[in-house]
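First the structure, in the form of structure tokens, and then the observations on it.
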């Protein structure tokens, strides 16, 4: 008689297909039909190739566009736009990711926050495995690494700067006048 689908001792790993066939998994890529309304009972058949979802470096960079340095979040400048991402590598298994991160300063108070944010954000990608984020010290971050968009978002136009400068000069003049009197 045919094994019961609950008789795991006799059948080892079983898969029930939508077509009603019960398969015994024999090895990677090979199965045996143990119950079927068709003529395939007892024959070994190759399992269909199910391609594992692989993570790409482009996917990783796209997701990192949603991570913001706390100093630039209010201006919507991502760590990618800031030029903080030095490199992204995906392992041969297509799941494990290594991110190389630059800091604007060796004394960046947000480095731990950035590492945690990158790890949590990347684990939102379907199919991702291990995430290894490493701070790279042998390449120095400079403002030239910023995208044109980031530079535009972080630059104040001269029309906004001049009134600020004028008010500061007036305050300094008043303070010096009060100090003389």
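Taking every residue in region 143-170 that is more than 25 Å from residue 65 (Cβ to Cβ) and pairing it with any residue that is loosely packed, with under 10 Cβ neighbours inside 10 Å, at least 6 positions away or on another chain, yields no pair with a Cβ-Cβ distance below 6 Å. Taken as a whole, the condition of being surrounded by 14 or more Cβ atoms within 10 Å (Cβ to Cβ), at pLDDT below 90 and at negative phi applies to residue 41.
Selection of region 109-124 for residues being in contact (Cβ under 8 Å) with a residue 40 or more places away in the chain and either surrounded by 18 or more Cβ atoms within 10 Å (Cβ to Cβ) or part of a helix (DSSP H, G or I) (or both) yields 113, 114, 117, 118, 121, 122.
In the list 87, 83, 106, 127, which residue meets the criterion of being part of a loop (DSSP other than H, G, I, E, B) and either in contact with a helix residue (DSSP H, G or I) (Cβ under 8 Å, 6 or more places away or on another chain) or surrounded by 13 or more Cβ atoms within 10 Å (Cβ to Cβ) (or both)? The conditions single out 83.
The values are calculated or read from the model by the stated rules, or taken from the named source; none is laboratory data. Quick caveat, the model's predicted, so the values are computed rather than measured. Every residue, glycine among them, receives a Cβ derived from its backbone with ideal geometry; neighbour counts consider all protein chains shown.
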